[in-house]
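None of the figures in this text is laboratory data; all of them are computed from the coordinates on show. These figures come from a predicted structure and were not determined experimentally.
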Amino acid sequence: MKITTLRTTEQCPDIKTCPSIHALDLHPDRRYVVTTDETDPAILAAFDHLIGPGERLGWVPTELLPEVTS
């Protein structure tokens, strides 16, 4: 398997623990996101209706997705 890093944050001193977006040669139709788990109970409760079985809530810095605006 070949992993290609598409984006990573520049605000992280250790690239092995940074939020990032990757492509995997075995699944070119997918993007893999390394996120930081959300642990705030209030935020988790707010998103509860959007999180299905086998899913979890994480976040990435906005710099990883500059084309996504509010």
Average Cα contact separation per residue, the stretch 3-64, under 8 Å, 6 or more apart, as relative contact order %: 31 percent
Just one of (1) 1.62; (2) 1.00; (3) 1.04 is Rg/Rh (Cα atoms, Kirkwood Rh) calculated from these coordinates, so which is it? (2)
Given 0.36 nm per residue, what is the gain on full extension from W59 to F47 after removing their alpha carbon distance, in nm? 3.1 nm
